[in-house]
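Input: a single structure, listed below in structure tokens.
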Amino acid sequence: MFGVLSPCRHRLGDELTAQWRAHMCGLCLALRDGHGHLARLTTNTDAVMISILTEAQRGIEASTTRAGRCPLRGMRPATVVAAADPGIRLAATASLTLAAAKAGDVGAEQQLGLAPPSRIATLAARAASPLLRRSAAADGGPDVDTILATLDRQAEIECTTTCLDELTGPTAQACAEVFAATADAADVPANRADLATMGSDFGRIAHLLDAVDDYHSDALAGAFNPLRASGTDVDSALSDCRRLVTAIGTRYTRLHLGDDRLLRAVLLDGLRHAIAQRTHARTQWPPYRPPEYPQSWPYPPPFPPNRGFADRIGPFLASACMGKACCADHWNHCSDKFKEPCCDGSDCCDCDCGDCCDCCGCDC
């Protein structure tokens, strides 16, 4: 699932977790009912927050309905926010609009040489973009055409400027429109100006964090990265994000809201958590051996720190299934520890032949 915000279930508690799941599952089912099963792939946690933001402004609980069993819920039924709820309708439009903009951006990057050439990416973007645009426009809500026109300028801007504020501008403008639309959906016009500014700051944060995540992979692939293009290092980008979160928190206090416990946990705490994750995540090994690093292990390891599961599973299977783990010193790619072989000649017999395959004791 996509999105900057990923609230921690253990910090939310049971009540708020159930409310979060009701909004998330409600968005997924609304996309399915309105646009087919494939549309569920556009479900976005940031769009879920849009539904929560709308509910908090309305001051009344969102309308709910009963949903059937789902594998992602352990085949349990659940109470979810209804597809007709104003917040869910706006969240569905936001999810589809973001997906349409992403598909268009991929195609533009291919056309303008801002990303490594890929025929598959070009064809996929060309096929998906018009379908997603039609789906987003069909849901009503904010002016989807205006938002997409703003985001369509992204690739052109990347070709003409190295100013970081200009590079993050389209995302900021688009998010400002969506945040402001929640005030319209909730019929609280007094919130509109503050929400537009909060949305602009949120959009810049999302763009900067995406650039931080891709900082090294873009360099290896030869793809455009706004931080490298503007000469901004990762620490400076994260510092900008923290400043923007503070600004969002200041304007948050001016909003007219009802029960905002879930919104505060998802939006404010969620942004702080997203930035903290990237602040403490090392992406390169230090040039020197850390004092706590075992002296008997090779340094630096032949893989980057803080790898995800997808980056671990291949090397782990190769080491475990092809015999290296049994007969040679090796890296355990699950624990990132350097291990001795699982067996040697002494494991097989009492002799000193050193051949673990010759265990029968005969001279055949």
When only C-alpha pairs under 8 Å and at least 6 residues apart count, what is the relative contact order of the range 113-206, in percent?
23 percent
First compute the accessible area of the range 110-182 with a 1.4 Å probe, then give the percent of it belonging to carbon and sulfur atoms.
55 percent
Extending each Cα 7 Å along its Cβ direction at A18 and A318, get the distance between those two points in nm, one decimal.
4.8 nm
Can you give the Rg to Rh ratio for the range 3-72, taking only C-alpha atoms and Rh from Kirkwood?
0.95
Longest principal axis of the chain (C-alpha) makes with the long axis of helix 45-58 (C-alpha) an angle, in degrees to the nearest 10, of 30 degrees
Checked the chain with the C-alpha gyration tensor, a ≥ b ≥ c its square-rooted eigenvalues, rounded below a/c of 1.5, otherwise prolate if a/b is larger than b/c and oblate if not; verdict prolate
With everything on Cα atoms, drop me the angle between helix 86-112 and the longest principal axis of the chain, reported from 0 to 90° to the nearest 10.
60 degrees
Tally Lys and Arg at +1 and Asp and Glu at -1 over the other residues with C-beta under 12 Å from the C-beta of D33: what net charge comes out?
+2
Restricting to Cα pairs below 8 Å that are 6+ residues apart, what does the relative contact order work out to for the chain? Please round to a whole percent.
14 percent
Could you run the Karplus curve 6.51 cos²θ - 1.76 cosθ + 1.60 with θ = phi - 60° over the range 205-210 and give me ³J(HN,Hα) per residue in whole Hz, x for Gly and Pro?
4, 4, 5, 5, 5, 4
Can you compute the charge dipole magnitude of the range 82-157 about its Cα centre, using +1 on each Lys and Arg Cβ and -1 on each Asp and Glu Cβ, nothing else charged? Give it in debye, rounded to the nearest 20.
260 debye
Shape category assigned to the range 15-162 from the gyration tensor of Cα positions, a/c cut at 1.5
prolate
Please return the longest stretch of the chain lacking exposed loop sites, where GluC sites (Glu not before Pro) count only if DSSP places them in a loop and at most 15 other Cβ atoms lie within 10 Å.
62-291
Given charges at Cβ of Lys, Arg, Asp, Glu: the chain dipole, positive-most of H23, L167, A219
H23
Can you compute the charge dipole magnitude of the chain about its Cα centre, using +1 on each Lys and Arg Cβ and -1 on each Asp and Glu Cβ, nothing else charged? Give it in debye, rounded to the nearest 20.
1140 debye
Farthest positive-ward along the chain dipole, Cα basis, beta-carbon charges - from A78, G270, A115:
A78
What does the accessible area of H273 come to, in Å² to the nearest 10, when a probe of 1.4 Å is used?
60 Å²
Can you pull the one-decimal nm distance between simple spin-label points at I60 and H256, each 7 Å off the Cα toward Cβ?
1.6 nm
Might you tell me the accessible area per residue for the range 99-195, computed with a 1.4 Å probe and given in Å²?
49 Å²
Net charge of neighbours whose Cβ lies under 11 Å from the Cβ of R76, counting Lys and Arg as +1 and Asp and Glu as -1:
+3
Whole-number accessible area per residue in Å² for the range 1-95, which is evaluated in the context of all protein chains at 1.4 Å
49 Å²
SASA check, W285, accessible area w/ 1.4 Å probe, all protein chains in place, rounded to nearest 10 Å², comes out at 60 Å²
About the Cα centre of the range 22-106, what is the dipole size in debye to 20, counting +1 per Lys and Arg Cβ and -1 per Asp and Glu Cβ, all else neutral?
340 debye
Which of the three applies to the range 137-191, rounded, prolate or oblate, going by the alpha-carbon gyration tensor with a ≥ b ≥ c and a/c under 1.5 meaning rounded?
oblate
Taking Cα pairs closer than 8 Å and at least 6 residues apart, the relative contact order of the range 51-192 in percent is 25 percent
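The values are calculated or read from the model by the stated rules, or taken from the named source; none is laboratory data. Given the structure is predicted, the values throughout are model-derived calculations rather than measurements. Glycine gets a Cβ as well: all are built from the backbone with ideal geometry, and neighbour counts include every protein chain shown. What goes into the accessible areas is simple: the full protein's heavy atoms, side chains included, and nothing from ligands, DNA or RNA. Shrake-Rupley method; radii C 1.70, N 1.55, O 1.52, S 1.80 Å.
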